[in-house]
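Enquirer: After the structure tokens below, expect a handful of questions from me.
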Amino acid sequence: MNLILLGAPGAGKGTQAEKISGKLGIPQISTGNMLREAVKNGTPMGLRAKEAMDSGALVSDEIVIGILKDRIAQDDAQDGFILDGFPRTVAQAEALEQMGITIDKVLEVHVPDDRICARMSGRRVCEACGASYHIDFKPTKTEGVCDACGGKTVQRADDTPETVLSRLAVYHEKTAPLKDFYGTRGKLVTVEGQQEIDETTKLVFEALGIDE
Ligand code: ADP
Ligand code: ADP
Ligand code: ZN
């Protein structure tokens, strides 16, 4: 199954992608995590992406499409994958089609903007594996330490209130049009993402026809 998770920054795409990945045994592919890794390692691509990421803008289609193409060519993605944070523009969605990739379903996790702002201030992410936590709603067992890999959990530089507002504006302008793009292709399913994490997972599994 090739899936796309669509939704505003902080809607819970990463959180739900982890659950689907665990259930179906297909990888979660997060362009945001890959870009943060490149920035951390100071690669040429990371250097090019950093300014856009810090300001809450999108990284260029050219860079992101390149990363995605390489990633889905890897062995572990041959039986399916979950795209988390890609595509984010119509040009990226068209690039996927041009690569001949068939998408089975596009799952939109819907959360209104005012809820997002409250969520983001408590988000913590693992520096090593990218796993996403929340100080109140999904705390790590030991403060500051990733449950999954033992890495250090930190606040993202772009999770400040001002940058979150710019990212929401970018989402509505550039990414929300993908709902129509995939809607007209009969691929879009929407779930409410405002309830607790486990409740949302139930809705997500139901929408994808996965047994719990
Ligand atoms: P969030 O989880 O808050 O939606 P991500 O981790 O997906 O954020 O992305 C963080 C940042 O990385 C984005 O604000 C953007 O600068 C960049 N980015 C990630 N994926 C893409 C993409 N598909 N196209 C362009 N920029 C991207
Ligand atoms: P995205 O990948 O869409 O940017 P995340 O999965 O990283 O979003 O979730 C954003 C933040 O909100 C994280 O701190 C996460 O733990 C928390 N979160 C995710 N889903 C829920 C939910 N249903 N209720 C409360 N908090 C949530
Ligand atoms: Zn980790």
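We did not get these values from a lab; they are worked out from the coordinates using the rules stated. Bear in mind the structure is a predicted one, so any value in this text is a computation, not a measurement. Cβ atoms come from the backbone with ideal geometry, glycine included; neighbour counts cover every protein chain shown.
Enquirer: I need a count of the residues in region 95-123 that are surrounded by fewer than 14 Cβ atoms within 10 Å (Cβ to Cβ) and either within 19 Å of Ala17 (Cα to Cα) or near ligand 1 (Cβ under 10 Å from one of its atoms) (or both).
Expert: Within region 95-123, residues that are surrounded by fewer than 14 Cβ atoms within 10 Å (Cβ to Cβ) and either within 19 Å of Ala17 (Cα to Cα) or near ligand 1 (Cβ under 10 Å from one of its atoms) (or both) number 2.
Enquirer: Residue check: is Gln92 of a type in the set (S, T, N, Q), in contact with an Asp or Glu (Cβ under 7 Å, 6 or more places away or on another chain) and either over 25 Å from Thr190 (Cβ atoms) or surrounded by 20 or more Cβ atoms within 10 Å (Cβ to Cβ) (or both)?
Expert: yes
Enquirer: Would it be correct to say that Thr190 is assigned to a helix (DSSP H, G or I) and either within 16 Å of ligand 1 (Cβ to nearest atom) or within 14 Å of Gly12 (Cβ to Cβ) (or both)?
Expert: Against the criterion (assigned to a helix (DSSP H, G or I) and either within 16 Å of ligand 1 (Cβ to nearest atom) or within 14 Å of Gly12 (Cβ to Cβ) (or both)), Thr190 does not qualify.
Enquirer: Conditions first: (1) within 16 Å of the chain's Cα centre (by Cα); (2) part of a loop (DSSP other than H, G, I, E, B); (3) among the charged types (D, E, K, R). Asp211 passes all but one, so which condition is the exception?
Expert: Among (1) within 16 Å of the chain's Cα centre (by Cα); (2) part of a loop (DSSP other than H, G, I, E, B); (3) among the charged types (D, E, K, R), the lone unmet condition for Asp211 is (1).
Enquirer: If a residue has to be under 17 Å from Met1 (Cβ atoms), assigned to a loop (DSSP other than H, G, I, E, B) and either in contact (Cβ under 8 Å) with a residue 40 or more places away in the chain or within 16 Å of ligand 2 (Cβ to nearest atom) (or both) to count, how many in region 70-86 make the cut?
Expert: 3
Enquirer: Considering each of Lys179, Lys138, Lys174 in turn, give the residue that is more than 15 Å from ligand 1 (Cβ to nearest atom), in contact (Cβ under 8 Å) with a residue 60 or more places away in the chain, of a type outside the set (A, V, I, L, M, F, W, C) and surrounded by 15 or more Cβ atoms within 10 Å (Cβ to Cβ).
Expert: Lys179
Enquirer: Quick one: in region 113-155, which of the residues that are among the β-branched types (Val, Ile, Thr) and more than 17 Å from Gly32 (Cβ to Cβ) is farthest from ligand 3 (Cβ to nearest atom)?
Expert: Only one residue tops the list, namely Ile135.
Enquirer: Being assigned to a helix (DSSP H, G or I), more than 16 Å from ligand 3 (Cβ to nearest atom) and of a type in the set (Ser, Thr, Tyr) is the filter here, so list the residues in region 1-58 that pass it.
Expert: Listed by number, the residues that qualify are Thr31, Ser55.
Enquirer: Would region 31-43 turn up any residue that is of a type in the set (S, T, N, Q), closer than 26 Å to Gly80 by Cα and in contact (Cβ under 8 Å) with a residue 40 or more places away in the chain?
Expert: There is at least one residue in region 31-43 that is of a type in the set (S, T, N, Q), closer than 26 Å to Gly80 by Cα and in contact (Cβ under 8 Å) with a residue 40 or more places away in the chain.
Enquirer: Here is a further query. All but one of (1) in contact with a Ser or Thr (Cβ under 7 Å, 6 or more places away or on another chain); (2) more than 23 Å from Ala148 (Cα to Cα); (3) assigned to a strand (DSSP E or B) hold for Val64; state the number of the condition that does not hold.
Expert: Answer for Val64: the failing condition is (3).
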